[in-house]
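> My questions all concern the structure below.
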Amino acid sequence: MKSEVKKIYDAHVAFELEQFDKKHVKANIKEETEAIFKWLEKVKLKDIAYAEKIKSFLERNVKHYELSDDQRDYGKDLAKHIHNYAKQSKHTVSDYLSEERYKEISDRIIAQKEWRDEIIEGIVQNPLYGEIIADTLYDGIKAFATQSGPSNETVGGSLFNLGKGILGAALSGVSDTIDRNIKKFIAENLSKTLKQSEQHLKDRFSDAKLRSSSKSIWSKIEDFRISGVAKKIKFEDIEGSLEISEKVIKDLLQNAAIKELSDLVIDHFFEYCNEKTIAELLKENGITQEKVIHEVEEFSIPVIEKANKDGFLKQRIEARLNKFYKTL
């Protein structure tokens with residue numbers, strides 16, 4: 001590089017470096033941000049992005065994403081740290097969830113009567129539920145029949161209660177008859193019993209009773225200490241849950257149905273916003289010039305100061321300008 005060119009080069013490097021000192025950096029951030037926002041008022045979403053581009057990004061970087069061993073180790077250590085903190089916490093449920101928000105959530109859930117009735121009907125119609133009801137009826141009726149007849153005040157009753165004992169064997173036919181009659185009764189009345197059970201459940205979970213229960217639940221949990229819950233949870237169980245959660249998330253990311261839903265959301269977003277400018281989209285999402293300037297200052301200035309102190313900033317400026325000045 002010629003000496004006269006070198007002088008200009010050194011002066012240019014010094015000027016560029018000066019733009020990053022405390023005296024100038026904030027003014028430059030403000031100037032550049034305002035210029036960018038003004039430009040973005042003319043740039044529409046469709047000018048710089050489209051649905052397939054976002055889908056390709058997700059396919060490349062999200063679908064087959066794998067946590068590294070270091071990330072897993074950090075996640076477990078963080079979970080252990082939070083668990084230990086929770087065990088010592090003096091906070092209660094009401095410190096995290098206000099009564100007003102709790103009421104809003106419970107009211108929303110209680111309002112879903114149609115959905116609630118469908119769940120109850122599904123439970124009652126499940127064969128397993130029918131078996132449970134039948135078994136419960138059988139055990140209850142059998143216990144009643146055994147205790148109340150034949151009369152416990154008679155010799156026969158005493159023998160009957162001996163069951164399969166030596167004397168009770170003589171009355172095994174009585175027990176068999178009771179069994180047959182009970183099973184017959186249950187078979188003939190199970191359908192009616194299930195319908196009654198369904199109605200009882202709907203009555204039990206009526207809007208009025210659920211609201212009453214909701215108030216009762218809040219009064220019991222609002223002052224409940226988080227530490228009380230945390231102490232009952234073993235970290236080994238948390239660790240196991242983390243491993244399962246990772247597998248579940250991985251399965252979901254590679255699931256065809258999830259991809260279909262993701263594509264639907266992305267396509268809708270671009271159909272809805274294609275004609276909007278980037279500035280409009282930023283404003284709709286609460287991102288203003290003032291916020292950007294403030295946050296850029298907060299996060300970039302410490303980085304710039306460190307890069308300047310280490311000499312890295314000067315090295316990069318020199319490397320960039322050197323390419324041009326070597327051509328002179």
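Derivation of every value follows stated rules applied to the coordinates shown; laboratory data play no part. Here the structure is a predicted model, which is why all the values come from computation and not from measurement. Every residue, glycine as well, gets a Cβ built from its backbone with ideal geometry; the counts of neighbours run over all protein chains shown.
> For the residues 39, 218, what sequence is obtained by ranking on other C-beta atoms within 10 Å, fewest first? Present the calculation step by step, with values, prior to reporting the outcome.
Details: 39 12, 218 16.
Going from least to most buried by this count: 39, 218.
> Looking at the square roots a ≥ b ≥ c of the eigenvalues of the Cα gyration tensor of segment 198-268, which shape do they give, rounded for a/c under 1.5, prolate if a/b is larger than b/c, or oblate?
Verdict is oblate for segment 198-268.
> Using alpha carbons only, what's the Rg to Rh ratio of segment 243-328 with Rh from Kirkwood?
1.22
> A further question follows. Residues of segment 21-58 with amide nitrogen under 15 Å from the 7 Å Cα-to-Cβ point of residue 301?
Answer for this model: 21-31.
> For a label point 7 angstrom out from the Cα of residue 78 toward its Cβ, which stretches of segment 53-67 have the backbone nitrogen within less than 14 Å?
67
> Still on this structure, I have one more. Please report 5, 93 as a ranked list, fewest other C-beta atoms within 10 angstrom at the top and most at the bottom.
Details: 5 13, 93 16.
Starting with the residue having the fewest Cβ neighbours, the order is 5, 93.
> Within the chain, what's the longest stretch lacking GluC sites (Glu not before Pro) that sit in DSSP loops with no more than 15 other Cβ atoms inside 10 Å?
On the way: sites that count: 41, 66, 153, 222, 275.
It runs 67-152.
> Also, I was wondering about something else. Give me the dipole magnitude in Debye, nearest 20, for the chain about the Cα centre, with unit charges on the beta carbon: positive for Lys and Arg, negative for Asp and Glu.
540 debye
> Using the Kyte-Doolittle scale, which helices in the chain average at least -0.5 and also have C-alpha atoms spread 15 Å or more along the helix axis, with helices defined as whole DSSP H runs?
TM-like helix candidates: 3-18, 127-148, 235-253, 256-273.
> Related question: Applying 1/(1 + (r/R0)^6) with R0 = 51 Å to the Cβ-Cβ distance of residue 227 and residue 125, what FRET efficiency is obtained, to the nearest 0.05?
In this case the efficiency is close to 0.75.
> Quick one: grab the alpha carbon gyration tensor of segment 1-154, order the square roots of its eigenvalues as a ≥ b ≥ c, and give me rounded if a/c is under 1.5, else prolate or oblate depending on whether a/b is larger than b/c. If you can, show how the numbers build up before the last one.
Values: a/c = 3.37, a/b = 2.89, b/c = 1.16.
It comes out prolate by the Cα gyration axes.
> Oh, and also: If the chain between residue 209 and residue 320 were fully stretched, how many nm would it gain, using 0.36 nm times the residue separation less the Cα-Cα distance?
Values: separation 111, 0.36 × 111 = 39.96 nm, distance 7.27 nm.
Gain on stretching residue 209 to residue 320: 32.7 nm.
> Could I ask something else about it? In square nanometres and to one decimal, what's the mean projected area of the convex hull around the Cα atoms of the chain?
Details: hull surface 130.2 nm².
Here the figure is 32.5 nm², rounded to one decimal.
> Another one. Within the chain, what's the longest stretch lacking trypsin sites (Lys or Arg not before Pro) that sit in DSSP loops with no more than 15 other Cβ atoms inside 10 Å? Please list the in-between numbers first.
On the way: sites that count: 2, 42, 63, 90, 164, 231, 232, 234, 276, 326.
My reading of the result: 91-163 is the longest stretch.
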